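Only one structure is covered here, and it is reproduced in the block below.
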Amino acid sequence: MPFLSFARVLELRRQLEGTRAEVVCLGSDDYAASIRRWSDTCEKDAGAIVRVTTTSEVSEVVRFCRKHHIDYVVEAGGHSTTGSSSSHGGVVISMASMHKVLTDPASKTVCVQGGATWDAVNHSTVPYGLAVVGATASHIGVGGSTLGGGYGWLTGQHGLIIDQLLSVKMVISDGSIVEASEESNRDLFWAIRGAGQAFGIATEFVFRAHKVPATVFGGLMYFDVDKLPTIIEFANRFDEQQDPNSGFFFGFTTWRPAGQTVVLTMLFYNGTHSEAAAFFAPILSQPSLVNRAGMMSYSELNAMANVDPVPEGRKSIGGTNIMPPFNTSLVRELWDQFDHAMKAYPRMEDSVLVFEMLPYSKVVQVPVEETACANRGPYYNVGWVLCWHDPDLDAKMHALQRHMVSKIQEAQQGSTDEHVAAHANFAGHEISAQSLFGDNLPRLQEIKRKYDPQNVFRKWHDLVPQTRSL
Ligand SMILES: Cc1cc2nc3c(=O)[nH]c(=O)nc-3n(C[C@H](O)[C@H](O)[C@H](O)COP(=O)(O)OP(=O)(O)OC[C@H]3O[C@@H](n4cnc5c(N)ncnc54)[C@H](O)[C@@H]3O)c2cc1C
């Protein structure tokens, strides 16, 4: 695709005159800031960035790009690391200015614009004693995390993020504006709950919200590696209990003051301090290096997993599913490899490998064929966020990520439960659509024929690889 010409940029500007949309291009003061992403690997020279403010502006940009055969992508929170929200030479539709959130406490529903972050959602809902099941980190986009299925601290009680969705307003590939819900465009509503990025641009979400108390129990704790067996024992008990009020993440990171690899845990309990203390007693009773556990607001809890502030650097998100019980020797082997990588390569301190345990009973109550998201089963996500700085290490880092993910997958071969390879929000492009959506893929492809026959929205996970159009 050729780089967008300046003449086209001017034409696009003219077309959007009279609207509040801003067109930024090379030479604009804020061009550099507009192409920046959470990961430097995804910083690409866009032909133009259009900061849209309404659904009709989105529609107009889509129609313009369609008419002139211009490649375009959508950016919300900018946290993906595959480059799917940036473009070399094409148009980036930036949703950053569409971040309004409206909470209706009477109906317990929340209307969220397509460019908001979970921080903005919490800011609106928490004063009413409400929360939406958002991701476990609040600086990421609602757009990217919801459309891929999504899970968060309240998943044990209420299921996936998409299980809270009541309707979505979307601009599809021909530029038309559609609503998807149980009442209208039901096929599209099915598809966008798990593979939404492949169908259009979501400009508005309506979510069901739930009551949350003024404070919940949460915390971050770091331990020396000699506590790993106790932590794994707790994790296996956690799995057996399936207490919907709880959440428990454990894994590895670097404790900066000592420059040492440590075992990280994140705790969540929706209950009183004494209930939480009893639940997490085997963890809380261990001598720790860092202990920031206690009662906190839901907003604070939700910010606990933010890998922030990270002003610069290269990052890659990867993941896979892991079936309990956790095997101590596998986890120890992964620790050794993680620790080795941290020592072998410079400036990787922000990297984390986390086993994300959120009770799954509520998630599996929804049959796999009821929404496009096929990642519903008695297992947990392993999230692997690699952070480094030197561009010469890109290939090595991606190889390291693939290696550790396949180690986990190999260790589970022979497991009787069939399951998809990963949660789509944590999958890189090396995982095929078939491995992510399993038996739901043919239906997704059929619905795509109706809403995106040219396969314009293929940059997230390509649902019809090898075919340029359907
Ligand atoms: C620190 C960290 C913690 C995370 N924790 C969780 C977690 O707890 N739970 C979870 O489910 N995931 C989690 N993730 C993964 C996260 O959901 C994905 O990285 C997601 O893609 C980020 O969305 P974004 O909007 O920030 O990114 P972007 O890069 O802006 O978008 C990601 C993709 O979605 C598309 N997209 C974004 N908005 C829209 C829209 N409105 N309409 C159509 N397409 C859109 C983009 O085009 C792109 O393909 C985490 C990621 C990080 C970095």
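Quick note: the coordinates plus some simple rules give every number you see, no bench work behind them. Predicted model only: the values in this text are computed from it and were never measured. For neighbour counting, all protein chains shown are included, and Cβ atoms are generated from backbone atoms with ideal geometry for every residue, glycine included.
General remarks:
- The chain, relative contact order in percent, only Cα pairs under 8 angstrom and at least six apart counted: 15 percent
- A cut-off under 13 angstrom between Cβ atoms defines the neighbours of Cys25, and their net charge, with Lys, Arg +1 and Asp, Glu -1, is -2.
- Per-residue ellipticity at 222 nm, computed for the chain from helices alone with -39500 (n - 2.57) per DSSP H run of at least four residues, works out to -8500 deg cm²/dmol.
- Region 441-460 and region 81-136 have Cα centres separated by 24 Å.
- Per residue, the average separation of C-alpha pairs within less than 8 Å and at least 6 apart gives region 286-414 a relative contact order of 37 percent.
- Residues of type lysines that Lys450 reaches as a straight line, Cα spacing below 23 Å, ignoring anything fewer than 8 places off in the same chain: Lys67, Lys169, Lys459
- Projecting the Cα positions of Ser85, Tyr345, Gly219 onto the charge dipole of the chain (unit charges on Cβ atoms of Lys, Arg, Asp and Glu, taken about the Cα centre) puts Ser85 furthest along the positive direction.
- Between region 222-259 and region 343-363, the alpha-carbon centres lie 11 Å apart.
- Between the C-alpha center of region 33-72 and that of region 153-200 there is a gap of 22 Å.
- Within region 6-94, percent of DSSP bridges classed antiparallel, to nearest 5: 25 percent
- For the chain, a simple Cβ point-charge model (Lys and Arg +1, Asp and Glu -1, everything else neutral) yields a dipole of about 780 debye relative to the Cα centre.
- Shape call, the chain: gyration tensor on alpha carbons, a/c limit 1.5: prolate
- Square roots of five times the Cα gyration tensor eigenvalues for region 26-173, Å: 29, 17, 14
- Relative contact order for region 101-212, counting Cα pairs under 8 Å that sit 6 or more residues apart, in percent: 31 percent
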